1. Among 104-117, 195-208, 352-365, what's the highest-first ranking by average C-beta atoms within 10 angstrom per residue?
2. Using the Kyte-Doolittle scale, find the helices of the chain whose mean hydropathy is at least -0.5 and whose Cα atoms extend 24 Å or more along the helix's long axis, counting only whole DSSP H runs.
3. Could you sort the peptides 45-54, 20-29 by per-residue average Cβ neighbour count (10 Å cutoff), highest mean leading?
4. Taking amide hydrogens as modeled 1.01 Å from N in the peptide plane, which residues meet the under 5 Å criterion relative to Gln138, leaving out close sequence neighbours?
5. Where the Cα atoms of the chain are projected onto their three principal axes, how long is each span, largest first, in whole Å?
6. Projecting each Cα onto the charge dipole of the chain (Lys/Arg +1, Asp/Glu -1 at the beta carbon, about the Cα centre), which of Gln330, Ile347, Ile461 comes out farthest on the positive side?
7. Which distance in Å, rounded to a whole number, links the C-alpha centroids of region 171-197 and region 321-388?
8. Would you mind putting 404-414, 297-307 in packing order, based on average other-beta-carbon counts within 10 Å, highest first?
Amino acid sequence: MNLFKTIGIHQRLLIAAVVLISASTFTLGYFGLGMINRFVALRFEQRIDYMAANLAINAELGILIGEKELLKGLAISLLNEKDIAAVEIENSVGKILVKEAGNLSAPFETVEKPVVLSETENLNPGLNPGGKFSGERQEIGLVRIQYTREGINDLLQAMKLRFVVAAMVLAGIFCAIFFFISRSLVSPVISLAGVAKKVSNGDISVRAISGSIPETRKLAHAFNEMLDSIEDGRKALISAHEKMARQEALAEVGKFSMMIAHEVKNPLAIMKSSLEMLKEDFAIPDDNLFVNYAEEEVVRLNDLIESFLIFSRPDKPNFALTDLNALVEQVVAGFEIQYASDKRKLITSIPSEPCFAEADSDRFSRALSNVIRNALEAGPDMGKVFISVKISETDWRVCVRDQGPGIDPDTADRIFEPFYTMKAKGTGLGLVFADQVVKAHAGKISAGNSEDGGASFCITIPVAAKTEPET
Ligand SMILES: Nc1ncnc2c1ncn2[C@@H]1O[C@H](COP(=O)(O)OP(=O)(O)OP(=O)(O)O)[C@@H](O)[C@H]1O
Ligand SMILES: [Mg+2]
């Protein structure tokens, strides 16, 4: 029972084929050869019988006239026939008139035929007075033929041999056909089992090879589809898990940073007013490098905390109908002053006519500034930043393109995450803030790489139906 369970489909099919072929060959051989044997033996006996009858007819005249030479001729010609070993012709009293034998070897069988007078009415009763051949059917002699079955047995033996050889060749061919059929059935199943094993070992990237049979192809296809969906599910799960872990970490960092920011804001305000008082008390000139440096750093720290607080606890934007084109010009002008001594250039393409939209000009300027600052920082020392504005029926769109290295595709989906930064002094809040502000304006911000290299950030804002400010 256990042994039977270990036999695979391949072996089972082969065993079935061998049993089937052997059974059908044996049945066919047994009945077929038996019938042929009987048929051939019957025909053989009929042939011998016919020859004996023929000899009896031909010998009639020779016996009647006592012509032994004639009878000898008949006997010799019959001996030439295949399987005939000896021929004897007797007269009515049993005297052997002719006896001729060939050189065939025993065992022999014998057939006898009486020589009957053609005329049923005996015209000359004296010819056979009181002989054993008398009565209505007058027998005047007897022919006896000895024959051998050796030839016919050899023929039947040869036929049997041929049949066995033909059956074996056919069985071999059928087995080979069965082997290939069963292999084409079994090999996809074996490969599928191999793939399933690899999957269970954790390699989800493997796929089943579709076999040459439609059913096995379907099976492999369905299996691969199942693996695809498992792989997709697993990827989605991993990414969801990563996102969750990141968000949890961010929430923790956020809480902690909020606390720090809150605690740092007051001391910073004290430091700022103390610096001013110091300047007054000690009559420090406005261009004192160290005091200015300290003041700048205090302001920078304050800005940083401000933007962080805005990001963490965004206030309601203060919307007003604003000329967005003028706003971009203003932001660019600010940068031009800031970067006056630098070799970096801002190249603008802004329509001269105004384009109004409901906007919080302060926040929007800061959002745009973050994008432009990133572009200036990403580009080379003498790089250019192209700022272009396009207006359609429904949208106002500003694009900022730089000549930097572009956005790394591996991290592209992280640049809008809070605290994600690749810069030593960066906070990773610039784009988050920009995104928050643009979304508050029912707009969209998108990032990509331009064809000439460098990154390209575009902000799209829906424009107001009327293009003139209310008076
Ligand atoms: N124009 C750009 N080209 C290439 N990478 C950019 C570009 N703009 C932003 N990035 C990538 O996105 C990251 C996040 O930008 P984001 O403005 O949010 O923070 P930051 O610039 O690193 O810090 P901060 O804005 O506080 O100075 C950057 O560190 C940088 O890796
Ligand atoms: Mg930035």
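The values are calculated or read from the model by the stated rules, or taken from the named source; none is laboratory data. What you see is a predicted model; the values in this text were computed from it and never measured. Cβ: placed from backbone, ideal geometry, glycine included. Neighbour counts: every protein chain shown. Please note that ligands, DNA and RNA were not included when accessible areas were found on the heavy atoms of the full protein model with its side chains. Shrake-Rupley method; radii C 1.70, N 1.55, O 1.52, S 1.80 Å.
1. 352-365, 104-117, 195-208
2. Correct list, ordered by number: 9-65, 150-200, 214-281, 289-312, 361-378.
3. Descending packing order for the listed peptides: 45-54, 20-29.
4. Sorted by chain and number, the residues that satisfy this are Leu117.
5. For the chain, the Cα spread along each principal axis is 187, 54, 39 Å.
6. Working it through, the farthest residue towards the positive pole turns out to be Ile461.
7. 71 Å
8. Highest-to-lowest ranking by the protection proxy: 297-307, 404-414.
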